[in-house]
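Down below is the structure, laid out as structure tokens.
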Amino acid sequence: MTGEGPPAGTSAVVWSGGKDSTLALHRALRQGHRLTHLLTVYDRVTGRVPYHGVGRELISAQAAALGLEPVLEASEEGAFEEALARGFDRLRDAGVEALVFGNIHLADVRAWYEERVRAAGFEHVEPLWGGDPARLVREFVSLGYRGVVVSVLLGRADPEWLGREFGGELLAEIAAREEIDPCGEHGEFHSFTRDGPIFTKAVPLRPRGEREQNGYRYLDLGIDDPSTRAGVGDRA
């Protein structure tokens with residue numbers, strides 16, 4: 001299923017916190033899906049989402065701003081699939097019938113998830129599937145979403161992109177790098193969405209430095225207190 005006809009019951013989005021998850025959620029809502037939950041698997045040791053590197057507290061803040069119930073599952077090293085299955089169990093117990101993903105064109109990734117989603121008894125929904133990555137990232141920006149780059153693959157993406165907000169200038173720089181997928185589908189970079197039309201409020205961010213791990217450079221972000229000072233791109 002690619003999202004043409006929503007199920008009669010409720011749906012959940014499998015969520016990384018970035019632009020692709022956000023745009024998939026946006027489209028699913030427009031297609032009539034009744035979204036109630038978001039599911040995120042994070043590393044138990046670091047408390048962060050793999051590859052994006054954002055802490056679980058940032059995912060919880062997004063869920064609150066989106067009006068969705070967060071289902072956060074901790075994964076031990078090498079046990080992502082088991083954590084995902086536990087999340088599926090919790091969603092099934094909550095009455096969820098369909099799972100929304102933000103896959104675009106990596107067939108092996110989609111097939112891996114689809115096999116497990118269907119085995120767990122859910123409908124598998126891919127609102128972005130087959131879309132042109134350059135058009136999708138422009139759609140994300142034109143709809144009014146605000147996202148920042150939170151990790152880059154060293155040797156592939158520009159470390160100077162860290163912390164920058166998606167917009168015309170950054171999109172042009174990414175487009176100029178022909179070896180890089182405009183949506184970072186091959187892991188070149190990852191993002192975090194902090195505001196947009198389906199958010200009830202912005203997620204206030206405070207940069208806390210940078211770190212390197214496993215070939216990536218990460219922007220370490222925390223929740224900023226908007227009553228004291230401005231964070232990263234706070235909503236006016």
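The values are calculated or read from the model by the stated rules, or taken from the named source; none is laboratory data. Computed from a predicted model, the values in this text were never measured in an experiment. All Cβ positions, glycine included, derive from the backbone under ideal geometry; neighbour counts span all protein chains shown.
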Checklist line | Selected residue [closer than 27 Å to LEU205 by Cα, charged (D, E, K, R) and in contact with an Asp or Glu (Cβ under 7 Å, 6 or more places away or on another chain)] from ARG164, ARG138, ARG146 | finding: ARG146
Margin query: Which residue is surrounded by the fewest Cβ atoms within 10 Å (Cβ to Cβ), if the candidates are limited to the stretch 19-51 and must be more than 10 Å from the chain's Cα centre (by Cα) and among the small types (Gly, Ala, Ser)?
Written below: GLY32
Next item on the list: Any residue in the stretch 25-48 that's closer than 23 Å to TYR145 by Cα and in contact (Cβ under 8 Å) with a residue 60 or more places away in the chain: show its pairings with residues that are of a type outside the set (Val, Ile, Thr) and part of a loop (DSSP other than H, G, I, E, B) at Cβ separation under 6 Å, as long as the two are six or more apart or on different chains.
Entry: ARG27/PRO127; ALA28/PRO127; GLN31/GLY3; GLN31/PRO6; HIS33/PRO6
Margin query: Out of GLU173, GLU179, I need the residue that is loosely packed, with under 12 Cβ neighbours inside 10 Å, over 17 Å from the mean Cα position of the chain (by Cα) and not small (Gly, Ala, Ser). Which one?
Written below: GLU179
Notebook entry, point to check: What are the residue pairs meeting all of these: first residue in the stretch 161-172, first residue within 11 Å of VAL137 (Cβ to Cβ), second residue charged (D, E, K, R) and not in a loop (DSSP other than H, G, I, E, B), Cβ atoms under 7 Å, and 6 or more apart or on different chains?
Noted result: PHE166/LYS19; LEU171/ARG138
Notebook entry, point to check: Among the residues of the stretch 168-188 satisfying the criterion of being part of a loop (DSSP other than H, G, I, E, B) and small (Gly, Ala, Ser), which is farthest from TYR216 (Cα to Cα)?
Noted result: GLY184
Margin query: Need a quick list: strands (runs of 3 or more DSSP E) entirely within the stretch 5-75 having at least 2 residues that are under 21 Å from ARG86 (Cα atoms) and in contact with a Pro (Cβ under 7 Å, 6 or more places away or on another chain).
Written below: 34-43
Notebook entry, point to check: If you go through the stretch 107-123, how many residues are surrounded by 13 or more Cβ atoms within 10 Å (Cβ to Cβ), over 18 Å from THR40 (Cα atoms) and of a type in the set (A, V, I, L, M, F, W, C)?
Noted result: 0
Next item on the list: Scan the stretch 133-160 and report the pairs whose first residue is in the same structural domain as ASN103 (by TED's automatic domain parsing) and farther than 17 Å from GLU185 by Cβ and whose second residue is assigned to a helix (DSSP H, G or I) and at pLDDT 95 or above, with Cβ atoms within less than 6 Å and a gap of 6+ or a chain change.
Entry: none
Notebook entry, point to check: When GLU69 is evaluated against the numbered criteria (1) surrounded by fewer than 19 Cβ atoms within 10 Å (Cβ to Cβ); (2) modelled with pLDDT of 95 or more; (3) closer than 20 Å to GLU114 by Cα; (4) in contact with a His (Cβ under 8 Å, 6 or more places away or on another chain), which criterion, by number, is the only one it fails?
Noted result: (3)
Checklist line | Number of the exception - PHE101 against (1) touching a strand residue (DSSP E or B) at 6+ places or on another chain (Cβ under 6 Å); (2) surrounded by fewer than 14 Cβ atoms within 10 Å (Cβ to Cβ) | finding: (2)
Next item on the list: Could you please tell me which pairs satisfy a Cβ distance under 8 Å, a separation of 6+ or placement on different chains, a first residue in the stretch 186-201 that is farther than 17 Å from VAL13 by Cα, and a second residue that is acidic (Asp, Glu) and at pLDDT 95 or above?
Entry: GLU188/ASP181; LYS201/ASP195
Next item on the list: Mind listing whichever residues of the stretch 165-188 are farther than 23 Å from LEU66 by Cβ and of a type outside the set (A, V, I, L, M)?
Entry: GLY168, GLU169, GLU173, ARG177, GLU178, GLU179, ASP181, PRO182, GLU185, HIS186, GLY187, GLU188
Next item on the list: Tally the residues that are free of Cβ contacts under 8 Å to residues at least 12 places away in the same chain and under 18 Å from the mean Cα position of the chain (by Cα), restricting the search to the stretch 81-111.
Entry: 1
Item checked: Among (1) out of contact with any Gly (no Cβ under 8 Å at 6 or more places or on another chain); (2) over 17 Å from ASP132 (Cβ atoms); (3) not in a loop (DSSP other than H, G, I, E, B) - the single one SER191 does not satisfy -> (1)
